Amino acid sequence: MPSLQQLHFFTTVNDLRSLPQTVAEVAFAGRSNAGKSSAINTLARHTRLAFTSKTPGRTQHINYFEVSDNRFVVDLPGYGYAQVPTAVRRHWEVLLSQYLQTRETLRGLVVIMDSRHPLKELDWQMLDWFAVTGKPIHILLTKYDKLTKLEAAKQLAMVKAAVEDRPMISVQLFSSLKKLGVDEAEKQILSWLYD
Ligand code: GDP
């Protein structure tokens, strides 16, 4: 049985021409600071596989992590930095939208959102860019250890209601700190990669 514990660094690319040949891949996207790197590390049961870059100018990389047999988890550049120059933002928009819409081996998209502040404008933009492909999206509402049980249940219900008319989108709660929701997320990702 494949496991995300097998995840290992493969390569970093800066433009779409340099993407490696793959059999299947699942991409991770999210606002900067939403908890994307932590989620990847948690799923890999590894402390420092994916790194956060807090410098907007250095956010254009796409990192490939292999599970096995040419099947990959892809760490996309974070979005929503406050002071990002227009040129960097444009580059990001072209890179991300083209990758999401043209990458044939991409099987599904995981979008990381802070459970306290989900569905910001740029999150919707990601959901919309990918919706045209008809491929599935799984939303991880992370850091839910920061909420009470009731608040977490409310946020989950609110996001589910907001995407109710989009059957390709599924949603779950996740916590890297408390290691909650890990099996559910891993199962989804592995089924996209191996089924
Ligand atoms: P990224 O920019 O999306 O890659 O975000 P990071 O993974 O670097 O996380 C941003 C901040 O949120 C860091 O200070 C993390 O320690 C914190 N963080 C990430 N996930 C969790 C979580 O599940 N629970 C809590 N309490 N903090 C988290």
Order of His138, His46 - criterion: other Cβ atoms within 10 Å of each residue's Cβ, fewest first:
His46, His138
Shape category assigned to the chain from the gyration tensor of Cα positions, a/c cut at 1.5:
rounded
Based on the Cβ-Cβ distance of Thr102 and Ser68, what FRET efficiency does E = 1/(1 + (r/R0)^6) give at R0 = 22 Å, to the nearest 0.05?
0.30
Can you put Ser170, Ser175 in order, fewest other beta carbons within 10 Å first?
Ser170, Ser175
Fewest-first ordering of His91, His61 by Cβ atoms within 10 Å yields His61, His91
Spatially proximal lysines relative to Lys179 (Cα-Cα < 25 Å; intrachain offsets below 8 disregarded):
Lys36, Lys54, Lys120, Lys143, Lys146, Lys149, Lys154, Lys160, Lys187
Tell me, what HN-Hα J-couplings in whole Hz come from the Karplus equation 6.51 cos²θ - 1.76 cosθ + 1.60 at θ = phi - 60° for each residue of segment 173-183, using x for Gly and Pro?
8, 8, 9, 6, 5, 9, 6, 10, x, 5, 5
If you place +1 on the Cβ of every Lys and Arg, -1 on the Cβ of every Asp and Glu, and leave all else neutral, what size is the dipole of the chain about its Cα centre, to the nearest 20 Debye?
580
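FYI, it's all coordinate maths here, none of it is from the lab. Everything numeric in this text was worked out from a predicted model, so none of it was measured. Quick reminder, even Gly has a Cβ in these numbers, built from the backbone with ideal geometry, and neighbours come from all protein chains shown.
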